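Asker: Structure provided below as structure tokens; questions to follow.
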Amino acid sequence: MGIIRLKNMQFYGFHGVDESEKHLGGRFEVDVEMHLSLKVACESDDLKDTVNYEAIYKTVDHCVKKDKFYLIEALANSIAKEIIKNHPIDTIMIRVRKPHAPVKGVLDTIEVEIERAKADYA
């Protein structure tokens with residue numbers, strides 16, 4: 001078993017409950033952690049035997065930009081579902097961060113983390 005991570009990908013999207021978030025948008029940061037067998041890829045050194053990182057990046061980019069969600073929980077689920085349905089991954093963990101979230105208080109970021117398995121989307 002192995003892990004492939006894409007960390008701190010940054011996108012601009014229109015997700016949130018506040019009207020300003022829906023119209024002005026904001027920055028979102030996404031981490032993807034994929035658990036899968038890497039045995040064949042380690043021996044073959046061939047891209048066809050693993051997950052194409054650029055394809056994962058493009059999937060996340062598409063998910064962040066195509067829909068508008070109220071909750072970053074729903075955005076994280078959309079990303080997990082699209083990736084796990086289209087790639088040979090056993091489980092996936094998605095972290096979505098929303099810097100500068102409109103919260104009355106001092107904080108660095110809001111983050112949601114979900115973990116899903118292929119069977120969750122069967």
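The values are calculated or read from the model by the stated rules, or taken from the named source; none is laboratory data. Values in this document were obtained by computation on a predicted structure and should not be read as measured data. Positions of Cβ are generated from backbone atoms using ideal geometry, with glycine treated the same way; all protein chains shown enter the neighbour counts.
Asker: Go through the residues of segment 35-49 one by one and say whether even a single one is surrounded by 13 or more Cβ atoms within 10 Å (Cβ to Cβ) and under 15 Å from the mean Cα position of the chain (by Cα).
Answerer: For segment 35-49, residues surrounded by 13 or more Cβ atoms within 10 Å (Cβ to Cβ) and under 15 Å from the mean Cα position of the chain (by Cα): present.
Asker: Then there is this: So which of Ala80, Ala117, Ala74 ends up being surrounded by 18 or more Cβ atoms within 10 Å (Cβ to Cβ) and either within 18 Å of the chain's Cα centre (by Cα) or among the basic types (Lys, Arg) (or both)?
Answerer: The match here is Ala80.
Asker: Could you tell me how many of the residues in segment 104-119 are out of contact with any strand residue (DSSP E or B) (no Cβ under 9 Å at 6 or more places or on another chain) and either at pLDDT 95 or above or not basic (Lys, Arg) (or both)? It would help to see each step written out before you state the result.
Answerer: At the first step, the residues of segment 104-119 found to be out of contact with any strand residue (DSSP E or B) (no Cβ under 9 Å at 6 or more places or on another chain) are 104-107, 119.
Filter again for either at pLDDT 95 or above or not basic (Lys, Arg) (or both), leaving 105-107, 119.
Residues in segment 104-119 being out of contact with any strand residue (DSSP E or B) (no Cβ under 9 Å at 6 or more places or on another chain) and either at pLDDT 95 or above or not basic (Lys, Arg) (or both): 4 in total.
Asker: Name the residue, out of Val96, Val112, that is crowded, with 18+ Cβ neighbours inside 10 Å, within 14 Å of the chain's Cα centre (by Cα) and under 12 Å from Phe28 (Cβ atoms).
Answerer: Val96
Asker: Looking at Phe28, is it at pLDDT below 95 and either touching a His at 6+ places or on another chain (Cβ under 8 Å) or of a type in the set (Ser, Thr, Tyr) (or both)? I'd like the intermediate steps shown before the answer.
Answerer: Values: at pLDDT below 95: no; either touching a His at 6+ places or on another chain (Cβ under 8 Å) or of a type in the set (Ser, Thr, Tyr) (or both): yes.
So Phe28 does not fit the description; no.
Asker: Limited to segment 1-30, what total is found for residues that are of a type in the set (Ser, Thr, Tyr) and farther than 13 Å from Asp61 by Cβ?
Answerer: Of the residues in segment 1-30, 1 are of a type in the set (Ser, Thr, Tyr) and farther than 13 Å from Asp61 by Cβ.
Asker: Of all residues in segment 50-71, count the ones that are under 19 Å from His23 (Cα atoms), surrounded by 14 or more Cβ atoms within 10 Å (Cβ to Cβ) and either touching a Leu at 6+ places or on another chain (Cβ under 8 Å) or of a type in the set (Ser, Thr, Tyr) (or both).
Answerer: Total satisfying the criteria: 3.
Asker: Among the residues of segment 1-28, how many are surrounded by fewer than 17 Cβ atoms within 10 Å (Cβ to Cβ) and either on the phi > 0 side of the Ramachandran plot or in contact (Cβ under 8 Å) with a residue 60 or more places away in the chain (or both)?
Answerer: Final tally of qualifying residues: 6.
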